[in-house]
Structure formats: structure tokens, C-alpha cells
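Engineer: Sharing a structure, written as C-alpha cells. Questions coming.
Derivation of every value follows stated rules applied to the coordinates shown; laboratory data play no part. This one's a predicted model, so the numbers in the text were calculated from it and none came from an experiment. Glycine also receives a Cβ, built like all others from the backbone with ideal geometry; neighbour counts cover every protein chain displayed.
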Amino acid sequence: MKLRISFLSMPQDLDELCFLSAQSMPSLKVSQHFQVLKLLGEGSYGKVMLAVHRKRGTPMALKFFPRQSTSLTSFLREYNLSLSYCTHPSLTRALGIFFSTPTYYVFAQQAGLYGDLYSVIVSEVGVDEDCVQRVMSQLSGAVTHLHSLGFVHRDIKPENIFLCDAACRWVKLGDFGLARAVGTTVRAVWYESPFCTPEVELAKETEKVPEEEEEEEEVEDIWITVEPCIDSWALGVLVYCLLTGCFPWEESTHHDRGYRRYEDWFYREQEQNPGDDEDADGLFEGLSPLVLTLLKELLHPEPKHRGSPEEVLSYLGGPWLMETELEERRRAEEAEKEATKIRERAGVEEELLREGRGER
């Protein structure tokens, strides 16, 4: 049985969608309806398999969630969000097929047949600058669209960006398992990653287990309010990663030397102290002033001052690498020299014509 759902635009409607779809979720045997071809990816959530629908002949990705470790509510939330809200061309959309097996919850989604963005990043090199701008242009639109509907993705990283062609002319942001409505309070997902925002560290509170316990342990109880600036931070880290082939720091905390260097540099730049032209000890070596301005917008340590994903569009078209900027300057200088020569030749020819006509 297939549940037909019209497009809804408000986050509060998601719970109703989950309730309705729970009433009509069928149980299927995968092999009867799909020919499973290969593994596309796997993680803590489960696994994604490339499959072909036996009747339709349509290629699709089947996302498998182990029932033992996945609640029905979280499965239906991700499925319905992807089905009913991900209408932007650079958001991975569910295909309206969802079911259960004895061991898995499963739904079908659009397949990224060329892998994920992580697979094309060359370590300590990155990817082609034009490719970076193509990717960021699409993601800016996709994330802005998601925010306009009242949702924050909360897990933007190269592994969750899927390629529809080898040249990254069409990419899709996927994996909406952590996506939540703007303004909701959630238990923060803390892990050592540059994509975690610095405000999570500020919200971090630890409680010690009673002293009679043999070993002291810290139980983290971190609560944050979901805001769009969480995605802005991740986009900033992604820009850096794509341009350089490495991360700017391991985690966005004051325990991380790389992040401390960045924050010190950031506030020096804010103060605009004369003589403070340092590059955060080489952190931004090779990056142009244009993209540094963008990074300062997206990677503002204070969330209320962080730029929006839409601002990426204002920085497209210009050089993001210094070598590109220098090459553009060289070409501009050569063009100006050539133009000067042409003007000079034109002036000489005009003078000769005047002399030929007896003019002065």
C-alpha cells in the first residue's frame, strides 16, 4: 500500500505525517520487489544499498535502519521529511516507498550513482576551484530552502553530499536523521569534529557519577537550541576542506590548538589592529581575501553574528585561491598592456592619415 501525501510546508505537520504513515507501513520481502546491486554506504544509522525496482526498472537507493537500534518514530521522521519537504533539486528526496522487514525499517530514495563528495577530495590538495564553487552554489540553495521551511540539517559534511555526475555539476545533500525544526531544544550530538559548532562547548555541562563508584566517569548532558547558524558553520568548514583537502582543526573547542589559533586570528581581524596581517600561522595559506571574507562570515565564533548560507552566492565568480587571483591580475595587466599598444598604434595611424591629408 502506498501512502499519497501532498506537500506540506510547516514543521509541526511532520508529526502528523509520521502518525499517518505509521498506520499504513507495509511489510515486504526485499528480494521480491528489488534487485539489490551493491553497497553504497554504511554508518551508525545502518546501510544504503543500490537497487533496481523489479517492476519499474528504476534505480534507487534503499536505506536500511536496524529495528533493534532505530525507533519507528525516528525512521518515519526522516522518511517523511525527505519525502514531503526536500523539493529542492540539491536535496535527496525519498521516493514514496517505505516498508519494514523482520530486522529493518527501509525507505527508497534518489540514488547518488557517483558516490559522495568525500570520495573526490584529494588529501591536502582539495578539489578544483570551479568545482568548489559549483558545489557551494548548489548547497547554498538547498540549505536555504530547508531553512525556509523551518528545518536545520545539523549534519552537513562531505559524506552526506552525494554526486549525480563525476564533475560535481549536480550534487545532493542527504541524510536527514539529525534534521530538526528551528527553535526546538535538543540534546546535542557531541563528537570530535570540526563541523561541531563552538557553542556546543559553551553549553556543555558535566555531571560526575557518585564517589562510591570505583571509576569516575563524566556524563555529558548538553542541550542546545536548533538554529540555522549551525548549518552555516558546517558550510564554512566544508568550503575550507574542499579548497585545501584538509580540515582547519580537529574540533571546535578551546582544547584544540588549531581552533584557538583561528579564534585569535578572527578577533584580531575584527579589531583591525595595524600590523596584524598574520595568517593564523599559515592556516589560510593560499586562500584569497575574497574567500577569507566568506569564511569569516560563516565561521563567526558567535552564532548570532554568523552569516546565512545564502550569503555564499555573493562570493561566487571571484577567485577563491590566491594563485587564481594572481593569474587574473597577470591576465588583466597583459590585457591592459595590449590595449595600450592598440591605442598607441591607432594614434600613430591617425596622425599619418592627417599628414596625408595635409592636416595638422
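Engineer: Compute the angle between helix 322-356 and the longest alpha-carbon principal axis of the chain, please, reported from 0 to 90 degrees and rounded to the nearest 10.
Structural biologist: 30
Engineer: Students often check this: by mean Cβ neighbours within 10 Å, which of 104-113, 232-241, 335-344, 253-262 ranks highest, and how do the rest follow?
Structural biologist: 232-241, 104-113, 253-262, 335-344
Engineer: Ok, one more. Give the average over all directions of the projected area of the C-alpha convex hull of region 282-360, one decimal, in nm².
Structural biologist: Average projection, Cα convex hull of region 282-360: 8.7 nm².
Engineer: How tilted is helix 289-298 with respect to the longest principal axis of the chain? Cα atoms for both, answer in degrees (0 to 90, nearest 10).
Structural biologist: Helix 289-298 and the main axis of the chain meet at about 30 degrees.
Engineer: Pull out a ≥ b ≥ c, the square roots of the eigenvalues of the alpha-carbon gyration tensor of region 13-109, then state rounded if a/c is under 1.5, prolate if not and a/b is larger than b/c, and oblate in the remaining case.
Structural biologist: Taking the square roots of the gyration eigenvalues as a ≥ b ≥ c, region 13-109 is rounded.
Engineer: Give a quick list of trypsin sites (Lys or Arg not before Pro) in region 66-148 that DSSP marks as loop, anything other than H, G, I, E or B, with at most 15 other Cβ atoms within 10 Å.
Structural biologist: Of the trypsin sites (Lys or Arg not before Pro), not one in the loops of region 66-148 has a Cβ with at most 15 other Cβ atoms within 10 Å.
Engineer: Sticking with this structure for a sec: Translational diffusion coefficient of region 117-320 at 25 °C, 0.890 mPa s, Stokes-Einstein with Kirkwood Rh over Cα pairs, in µm²/s as a whole number.
Structural biologist: Result for D is 137 µm²/s.
Engineer: Can you check how the C-alpha radius of gyration of the chain compares to 2.2 N^0.38 Å, as a plain ratio?
Structural biologist: Dividing the Cα Rg of the chain by 2.2 N^0.38 Å gives 1.27.
Engineer: Also, quick follow-up: Within 10 Å of each residue's Cβ, count the other Cβ atoms and sort Ser84, Ser148, Ser252 from fewest upward.
Structural biologist: In order of increasing Cβ crowding within 10 Å: Ser148, Ser84, Ser252.
Engineer: For the pairs Lys29/Lys63; Lys172/Lys296; Lys172/Lys304, note any where the Cα-Cα span goes beyond 18 Å.
Structural biologist: From the list (Lys29/Lys63; Lys172/Lys296; Lys172/Lys304), the Cα-Cα distance tops 18 Å for Lys172/Lys296; Lys172/Lys304.
Engineer: Once the Cα atoms of helix 129-148 and of the chain are each reduced to a long axis, what angle between those two axes, in degrees from 0 to 90 to the nearest 10, is obtained?
Structural biologist: 50
Engineer: Please order Glu199, Glu263 by the number of other Cβ within 10 Å, starting at the fewest.
Structural biologist: If I rank by nearby Cβ atoms, fewest first, I get Glu263, Glu199.
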